[in-house]
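**Student:** Take this structure first; my questions come after.
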Amino acid sequence: MPGNHEIIFDLCPEEARQLIPANITLLEDCGIEYDGITFYAISSRMIQQMQWLGGECDLPYKTDFLITHIPPKGILDEGTGSEILEQTVLKRQPKHHLFGHVHSKGGQCEEKWSTKFGNVSTFQILCRTDSQFGL
């Protein structure tokens, strides 16, 4: 799921997709079923469009894992979550919702509205790592 640091997906989407290895499935405003488990991803771009234009994010009712870059409003969001995502999760109730964006909440989980939420950001861990890139 591209986030706000992966600008190449906005500027050169076809070229960016070519960078994804063949054995990796990029989910962006679509879903897949793998071994009976459903995964669906909603891009930040789609969420922003829905916020500006009004409307709902398209999410199937039977979704095991919702994947987004940003969190829903009020869930591990430090006040930056999306109201559209909050409404979508309340209505469709995926079993799990994984996201990142709010780096300081990386690794934290919360359960609400029959959904288990997880911030899977690893940015803070990378910053604490003594790496060749000086992060």
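**Student:** Extent of segment 12-125 along each principal axis, from alpha carbon coordinates, in Å, largest to smallest?
**Tutor:** 36, 34, 34
**Student:** If you don't mind, there's one more thing I want to ask. Return the long-range amide H neighbours of Lys112 (sequence gap of 5 or more, or a different chain), with a cut-off of under 5 Å between placed amide H atoms.
**Tutor:** When sequence neighbours closer than 5 places are left aside, the close amide H contacts are Phe117.
**Student:** In segment 25-105, what chymotrypsin sites (Phe, Trp or Tyr not before Pro) fall in a loop by DSSP, with at most 16 other Cβ atoms inside 10 Å? Don't jump to the answer; show the numbers that get you there.
**Tutor:** Values: sites: Tyr34, Phe39, Tyr40, Trp52, Tyr61, Phe65, Phe99; in loops: Tyr61.
In loop regions of segment 25-105 (DSSP not H, G, I, E or B), the sparsely surrounded chymotrypsin sites (Phe, Trp or Tyr not before Pro) are Tyr61.
**Student:** Give me a comma-separated list of calculated 3J(HN,Hα) values for segment 47-58, in order, Karplus coefficients 6.51, -1.76, 1.60 applied at θ = phi - 60°, integers in Hz, x for any Gly or Pro.
**Tutor:** Listing the rounded values in order: 4, 5, 4, 5, 5, 6, 8, x, x, 10, 7, 7 Hz.
**Student:** A further question follows. Please list the non-local residues whose amide H lies under 5 Å from the amide H of Ser121, H modeled 1.01 Å from N, same-chain partners needing a gap of 5 or more.
**Tutor:** Close amide H contacts, sequence-distant or interchain: Gly107.
**Student:** Quick one: order Thr63, Thr68 by neighbouring beta-carbon count within 10 Å, fewest to most. Kindly include the intermediate steps, with their values, before the conclusion.
**Tutor:** Details: Thr63 21, Thr68 26.
Taking fewest neighbouring Cβ atoms as first place, the list is Thr63, Thr68.
**Student:** Another question, then. Report the relative contact order of segment 26-128, percent, no decimals, based on alpha-carbon pairs under 8 angstrom and at least 6 residues apart. Please list the in-between numbers first.
**Tutor:** Working: 202 pairs, mean separation 21.0, N = 103.
Taking the mean separation of contacting Cα pairs over the length of segment 26-128, I get 20 percent.
**Student:** Also, I was wondering about something else. Compute the signed sum of charges (Lys and Arg +1, Asp and Glu -1) over the other residues within less than 14 Å, Cβ to Cβ, of Ile84. Write out the running numbers ahead of the final one.
**Tutor:** Details: positive: Arg45, Lys73, Lys91, Arg92; negative: Asp29, Glu56, Asp58, Asp77, Glu83, Glu86.
Around Ile84, the charge tally is -2.
**Student:** A follow-up question, please. Measuring from a point 7 Å past the Cα of Arg17 along Cα-to-C-beta, which residues in segment 46-76 have an amide N at less than 20 Å?
**Tutor:** Only 46-49, 58-59, 67-69 fall inside the zone, counting backbone N under 20 Å.
**Student:** Can you give the local net charge around Ala41? Use residues other than it whose beta-carbon is closer than 12 angstrom to its beta-carbon, Lys and Arg +1, Asp and Glu -1. Walk me through the intermediate numbers first.
**Tutor:** On the way: positive: Arg45; negative: Glu28, Asp29, Asp58.
Charge balance in the 12 Å sphere: -2.
**Student:** Which whole-Hz couplings ³J(HN,Hα) result when phi for each residue of segment 109-118 is put into the Karplus expression 6.51 cos²θ - 1.76 cosθ + 1.60, θ = phi - 60°, listed in order with x for Gly and Pro?
**Tutor:** Taking θ as phi minus 60°, the curve returns 10, 7, 10, 7, 6, 6, 10, 9, 9, x Hz for segment 109-118.
No value in this document is a laboratory result; all are computed from the given coordinates. Keep in mind the model is a prediction, meaning the values are calculated, not measured. Neighbour counts are summed over all protein chains in view; Cβ atoms, including those assigned to glycine, are modelled from backbone coordinates with ideal geometry.
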